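The values are calculated or read from the model by the stated rules, or taken from the named source; none is laboratory data. A quick note: this is a predicted structure, and the numbers were derived from the prediction, not measured. Reconstructed Cβ throughout: ideal geometry from the backbone, glycine too, with neighbour counts over all protein chains shown.
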Amino acid sequence: MLFEMPITYQSLSTSATQIRSQIPNFASMNIKILAFGIAKDIIGAREMTLQIAEGSDVGGLKEHLVNQYADFGRLKSLALAVNEEYAHDSLMLTSDDEVVIIPPVSGG
């Protein structure tokens, strides 16, 4: 489950800062995202830092990535590694985790 920080979308008039100011004690953490191959092309960068709510898990992060970058939903598979180990969807993320997006691979 991913408890996202409020994000400002173009269709919303309230800024993320205004929303956060109305939520007391909203705890967040930063995770580093690394992307290779098609994943790098989809997000438009080799790495990025993502601010998410404490208590978020890998499954929620995948859902967030698919919602933010629709092309991830078109891939045959999408695996994540957290701190250099393959991660199940139920793995809880912690502050300063390094997450690698592992796109589908092909070959013989």
Exercise for review: Give segment 70-80 a look and list any residue that's closer than 15 Å to residue 50 by Cβ and not aromatic (Phe, Trp, Tyr), or say none.
Suggested key: 80
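Residue 1 - would you say it is crowded, with 17+ Cβ neighbours inside 10 Å, at pLDDT below 90, assigned to a loop (DSSP other than H, G, I, E, B) and of a type outside the set (Phe, Trp, Tyr)?
Spelling it out, it is not the case that residue 1 is crowded, with 17+ Cβ neighbours inside 10 Å, at pLDDT below 90, assigned to a loop (DSSP other than H, G, I, E, B) and of a type outside the set (Phe, Trp, Tyr).
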Practice item. Mind counting the residues in segment 46-82 that are surrounded by fewer than 12 Cβ atoms within 10 Å (Cβ to Cβ) and under 19 Å from residue 30 (Cβ atoms)? Key: 2
Check your understanding: Under 6 Å by Cβ, and 6 or more places apart or on different chains, what pairs join a residue from segment 79-96 that is among the charged types (D, E, K, R) with one that is surrounded by 14 or more Cβ atoms within 10 Å (Cβ to Cβ)?
Key -> 89/58; 89/59
Exercise for review: Could you list all residues from segment 74-90 that are farther than 16 Å from residue 32 by Cα and touching a Leu at 6+ places or on another chain (Cβ under 9 Å)?
Suggested key: 78, 89
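Of all the residues that make up segment 87-108, how many are closer than 10 Å to residue 58 by Cβ and either acidic (Asp, Glu) or loosely packed, with under 13 Cβ neighbours inside 10 Å (or both)?
Residues that pass the stated criteria total 4.
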